[in-house]
Amino acid sequence: MSNNSHPQMKKNKLGKSGIQVSAMTVGCWAFGGGEYWGKQDQSDVDAVVHTALDLGANTFDTAEVYNNGESERSLGVALKGHRAGAVVISKISPSNCHDVRKHCLASLQRLGMDYLDVYMLHWPINKLAIEHFTADKTTLAAPPTIESAYAQLAALKEEGLIRAIGMSNFGRKQMAEVLATGVQVDVNELTYNIVSRAIEAEIAPYCLENQISVIGSMGLQQGVLAGKYKTPEEVRPHQAHSRHFPEFRGQGTARHGEAGAEKEIFAVVDRLREIAASLHIGVGQLAIAWILKKPFMASTLVGSRNIPTLKENIAACTVEIADDVEALIDEISQPVLDILGNNPDYYENTAKSRIF
């Protein structure tokens, strides 16, 4: 199977909206450069965005908080003259939901656009989630409400500033609160990959039942499932501060206090290398193909910082793995799921989650 052949990219309808998203969403977190991912050259961003569009990946995911707005700016520069063919997703921080319109307009200004295809609440509204975005005592004492936030989002849709409304990192109970507002919500974006399978138990079935599409984030577990690292020691602290790793790996950036599952995760990666080799595809391609085989996935979010990586990731979207390969991967990754459990907040202690 050649990595250079790119048959038509599959598109899926987003919830009840008329928006068609590509099976792979281009993750734009690194765009604009910043502390988390390091420097990012704008000419590489332009090349990645234009090539993605040429190859049928029309969907781009950013947020106001990514690199303090520089991700949106960088994506906007790359999409200049190409807006019509793109589906642009951005996200508002829960701490900013007292004035959703103001923050939406600020995102649009940075992007240089007059509408967003999808605007989503980045995290649910609860004390722990809000504390990650602000230290403002007034906001913490009187946080926004879900009812108010989604009423404002509905007004933006009415005004034509956004085409569809979404949420990100919402659990089953939190989704039910949103649906109780009566506002049409078309998508929930959550972490999902071979070693992050928490949404399978309750969240994915609830989404399917309520016509809420799922866009999975961290498709390659920040490089781990691309086979980029041979040992846990090679993973940079920023990419090792989740519950997948023992807390010390985060070198002061982790806060979960758990023992992690790195031994089991690297055992999975070793097996994935063998399976991928037998299928003549890359490890990352196998990881993406496995995600897209799941019936509840509309799209998987993958960061691609240069053209070779992008082409490899896009080629993965047309790889179809057999049922027995999917079942084998489910089986070899079950020990990781057993340790990490059904809570998709991979950064907090299981007993102290922002997602419920």
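The values are calculated or read from the model by the stated rules, or taken from the named source; none is laboratory data. Given the structure is predicted, the values throughout are model-derived calculations rather than measurements. Here Cβ is always computed from backbone atoms with ideal geometry, including for glycine, and neighbour counts include all displayed protein chains.
With surrounded by fewer than 23 Cβ atoms within 10 Å (Cβ to Cβ) and in contact (Cβ under 8 Å) with a residue 60 or more places away in the chain as the only criterion, which of Leu161, Leu179 stands out?
Details: Leu179 fails: in contact (Cβ under 8 Å) with a residue 60 or more places away in the chain.
Result: Leu161 is the single residue among Leu161, Leu179 that is surrounded by fewer than 23 Cβ atoms within 10 Å (Cβ to Cβ) and in contact (Cβ under 8 Å) with a residue 60 or more places away in the chain.
Pick from Ala198, Ala176: which is under 15 Å from Asn343 (Cβ atoms), modelled with pLDDT of 95 or more and either touching a strand residue (DSSP E or B) at 6+ places or on another chain (Cβ under 8 Å) or among the small types (Gly, Ala, Ser) (or both)?
Ala198
Give me a count of the residues in region 317-336 that are touching a residue at least 60 places away in the same chain (Cβ under 8 Å), outside any helix (DSSP H, G or I) and not aliphatic (A, V, I, L, M). Show your work before the answer.
In the first step, residues of region 317-336 are kept if they are touching a residue at least 60 places away in the same chain (Cβ under 8 Å); the result is 317-319, 329, 332-333, 335-336.
After this cut, where a residue has to be outside any helix (DSSP H, G or I) as well, the list is 317-319.
Now drop any that are not not aliphatic (A, V, I, L, M), which leaves 317-318.
Qualifying residue count for the region: 2.
Here is a list: Ser74, Ser95, Ser22. Which entry is hydroxyl-bearing (Ser, Thr, Tyr), without any contact (Cβ under 8 Å) to a residue 60 or more places away in the chain and out of contact with any Pro (no Cβ under 9 Å at 6 or more places or on another chain)?
On the way: Ser95 fails: out of contact with any Pro (no Cβ under 9 Å at 6 or more places or on another chain); Ser22 fails: without any contact (Cβ under 8 Å) to a residue 60 or more places away in the chain.
The unique qualifying residue is Ser74.
Which of the residues that make up region 31-61 are among the hydrophobic types (A, V, I, L, M, F, W, C) and in contact with a strand residue (DSSP E or B) (Cβ under 6 Å, 6 or more places away or on another chain)?
Listed by number, the residues that qualify are Ala52, Ala57, Phe60.
Just one of Asn313, Asn306 is of a type outside the set (A, V, I, L, M, F, W, C), under 21 Å from Leu55 (Cβ atoms), in contact (Cβ under 8 Å) with a residue 12 or more places away in the chain and touching a strand residue (DSSP E or B) at 6+ places or on another chain (Cβ under 8 Å); which is it? Spell out how you get there, then give the answer.
On the way: Asn306 fails: touching a strand residue (DSSP E or B) at 6+ places or on another chain (Cβ under 8 Å).
Exactly one residue qualifies, and that residue is Asn313.
Being of a type in the set (Gly, Ala, Ser), under 17 Å from the mean Cα position of the chain (by Cα) and either in a strand (DSSP E or B) or within 20 Å of Leu156 (Cβ to Cβ) (or both) narrows it down to one residue among Ser71, Ser90, Ser107; which is it? Spell out how you get there, then give the answer.
Working: Ser71 fails: either in a strand (DSSP E or B) or within 20 Å of Leu156 (Cβ to Cβ) (or both); Ser107 fails: under 17 Å from the mean Cα position of the chain (by Cα).
Only one candidate passes the filter, namely Ser90.
Taking the condition of being closer than 26 Å to Ile329 by Cα, touching a residue at least 24 places away in the same chain (Cβ under 8 Å) and of a type in the set (D, E, K, R), how many residues in region 231-261 meet it?
Selection size over region 231-261: 2.
Would you call Ile339 in a helix (DSSP H, G or I) and either of a type in the set (Lys, Arg) or surrounded by fewer than 19 Cβ atoms within 10 Å (Cβ to Cβ) (or both)? Walk me through how you get there before you give the answer.
Values: in a helix (DSSP H, G or I): yes; either of a type in the set (Lys, Arg) or surrounded by fewer than 19 Cβ atoms within 10 Å (Cβ to Cβ) (or both): yes.
When the stated conditions are applied, Ile339 passes them.
I need the full set of residues from region 220-256 which are farther than 19 Å from Gly341 by Cβ and hydroxyl-bearing (Ser, Thr, Tyr), in order please.
Of everything in region 220-256, those that are farther than 19 Å from Gly341 by Cβ and hydroxyl-bearing (Ser, Thr, Tyr) turn out to be Tyr229, Thr231, Thr253.
Within region 337-349, can one find any residue that is of a type in the set (Asp, Glu) and farther than 29 Å from His256 by Cβ? Step through it out loud before you land on a result.
Taking region 337-349 and keeping what is of a type in the set (Asp, Glu), we get 338, 345, 348.
Filter once more, keeping what is farther than 29 Å from His256 by Cβ: none.
Looking for residues that are of a type in the set (Asp, Glu) and farther than 29 Å from His256 by Cβ, one finds none in region 337-349, hence no.
Would you please list the contacts, defined by Cβ atoms under 7 Å and residues six or more apart or on different chains, that run from a residue in region 37-65 that is modelled with pLDDT under 95 and part of a loop (DSSP other than H, G, I, E, B) to a residue that is surrounded by fewer than 19 Cβ atoms within 10 Å (Cβ to Cβ) and not hydrophobic (A, V, I, L, M, F, W, C)?
Taking only residues 6 or more apart or on different chains, the pairs are Lys39/Gly33; Gln40/Gly33; Gln40/Arg305.
For region 72-87, indicate whether the set of residues that are closer than 19 Å to Ser213 by Cβ and either buried (at least 19 other Cβ atoms within 10 Å of the Cβ) or at pLDDT below 95 (or both) is non-empty. Working first, answer last.
Taking region 72-87 and keeping what is closer than 19 Å to Ser213 by Cβ, we get 86-87.
Pick out the ones that are also either buried (at least 19 other Cβ atoms within 10 Å of the Cβ) or at pLDDT below 95 (or both) and you get 86-87.
Taking every residue of region 72-87 in turn, at least one turns out to be closer than 19 Å to Ser213 by Cβ and either buried (at least 19 other Cβ atoms within 10 Å of the Cβ) or at pLDDT below 95 (or both).
Could you please let me know if Gly34 is buried (at least 16 other Cβ atoms within 10 Å of the Cβ), closer than 21 Å to Gln222 by Cβ and modelled with pLDDT under 95? Steps first, answer last, please.
Numbers: buried (at least 16 other Cβ atoms within 10 Å of the Cβ): yes; closer than 21 Å to Gln222 by Cβ: yes; modelled with pLDDT under 95: yes.
Answer is yes for this residue.
Return the only residue of Glu331, Glu247, Glu264 being surrounded by fewer than 16 Cβ atoms within 10 Å (Cβ to Cβ) and over 21 Å from the mean Cα position of the chain (by Cα). Walk me through how you get there before you give the answer.
Details: Glu247 fails: surrounded by fewer than 16 Cβ atoms within 10 Å (Cβ to Cβ); Glu264 fails: surrounded by fewer than 16 Cβ atoms within 10 Å (Cβ to Cβ).
Residue meeting the stated conditions: Glu331.
How about region 272-300: which of its residues are part of a helix (DSSP H, G or I), touching a residue at least 24 places away in the same chain (Cβ under 8 Å) and either β-branched (Val, Ile, Thr) or surrounded by fewer than 17 Cβ atoms within 10 Å (Cβ to Cβ) (or both)? Lay out the reasoning, then the answer.
If we filter region 272-300 for residues that are part of a helix (DSSP H, G or I), which is where we start, we get 272-279, 283-293.
Imposing the further condition that a residue be touching a residue at least 24 places away in the same chain (Cβ under 8 Å) reduces the set to 272-273, 275-276, 279, 283-293.
Answer for region 272-300, where residues must be part of a helix (DSSP H, G or I), touching a residue at least 24 places away in the same chain (Cβ under 8 Å) and either β-branched (Val, Ile, Thr) or surrounded by fewer than 17 Cβ atoms within 10 Å (Cβ to Cβ) (or both): Arg273, Ile275, Leu279, Val283, Ile288, Ile291, Lys293.
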